[in-house]
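The values are calculated or read from the model by the stated rules, or taken from the named source; none is laboratory data. Computed from a predicted structure; not experimentally measured. All Cβ positions, glycine included, derive from the backbone under ideal geometry; neighbour counts span all protein chains shown. These accessible areas exclude ligands, DNA and RNA; they are computed on the full protein's heavy atoms, side chains included. Shrake-Rupley method; radii C 1.70, N 1.55, O 1.52, S 1.80 Å.
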Amino acid sequence: SLASHRLARLPHALGRYLALTGAALTGPECYALGLATHLCEAHALPQLADALGEGFSDGGDGGAAAGGEGERRLLWRVSRRLSDACVELPPLGGWGEEHALYYAPQVEAAFSRGSLPEVMRALEEGGTEWHQAALEVLREASPLALSLTFAQLRAAEETD
């Protein structure tokens, strides 16, 4: 699947960490990892949806169906509307403890292992609160679901 493909290609074994623990990324983290191109505040989503829909559903697409210049104009208008509605990106980096990327070195050290038992062992040996919290999440999860998820991501890592 596309999700498995993208997760398997995230740096620092973050895809494995996200898939196995259910951890989430913030908008800036998604942007930093190339998973998002724009950030929009939740309260502005209805206005963004309206702005993106204006002039596109009634055939006013600038000739996009014909290709060429019309498609370029349409893409420019969509890009402009996204940029107008979205927020400026905060400075990236300097992640705090609330961000998964803050723990990237620990994530990579534990979740890049070759098997699920090795991941569990690395978390057991980690010794920090983060390691214990991640280990607890895995221990509470379905062993079958964890094994299938790990296998699916391993298979995705080996495909182009």
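To keep it simple, each residue is scored yes or no on (1) under 17 Å from the mean Cα position of the chain (by Cα); (2) within 16 Å of residue 30 (Cβ to Cβ); (3) of a type in the set (Gly, Ala, Ser); (4) open to solvent by 40 Å² or more (accessible area, probe 1.4 Å).
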position: 89; (1), (2), (3), (4): yes, yes, no, yes
position: 94; (1), (2), (3), (4): no, no, yes, yes
position: 105; (1), (2), (3), (4): no, no, no, yes
position: 121; (1), (2), (3), (4): no, no, no, yes
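Figure legend. Inter-residue proximity from segment 6-25: first residues open to solvent by 50 Å² or more (accessible area, probe 1.4 Å) and part of a helix (DSSP H, G or I), second residues modelled with pLDDT of 95 or more and polar (S, T, N, Q), beta-carbon distance below 8 Å, spacing 6+ or different chains. Indicated pairs: 12/112. Close contacts from segment 136-160, counting a first residue that is within 19 Å of residue 10 (Cβ to Cβ) and open to solvent by 60 Å² or more (accessible area, probe 1.4 Å) and a second that is small (Gly, Ala, Ser) and assigned to a helix (DSSP H, G or I), with Cβ to Cβ under 6 Å and a gap of 6+ residues or different chains, come to 152/4; 157/8. Of all the numbered requirements in (1) within 19 Å of residue 9 (Cβ to Cβ); (2) touching a residue at least 40 places away in the same chain (Cβ under 8 Å); (3) not acidic (Asp, Glu), residue 113 misses one, and that requirement is (2).
Selection of segment 126-135 for residues being surrounded by 11 or more Cβ atoms within 10 Å (Cβ to Cβ) and more than 23 Å from the chain's Cα centre (by Cα) yields 126, 128, 132.
Taking segment 27-39 as the range and being in contact with a helix residue (DSSP H, G or I) (Cβ under 8 Å, 6 or more places away or on another chain) and open to solvent by 40 Å² or more (accessible area, probe 1.4 Å) as the test, the residues that pass are 32, 35, 37, 38. Flag: residue 33 matches the condition of being under 24 Å from residue 119 (Cβ atoms) and not hydroxyl-bearing (Ser, Thr, Tyr).
For segment 36-51, taking the residues that are aliphatic (A, V, I, L, M) and assigned to a helix (DSSP H, G or I), the one that is modelled with the lowest pLDDT is identified as 51.
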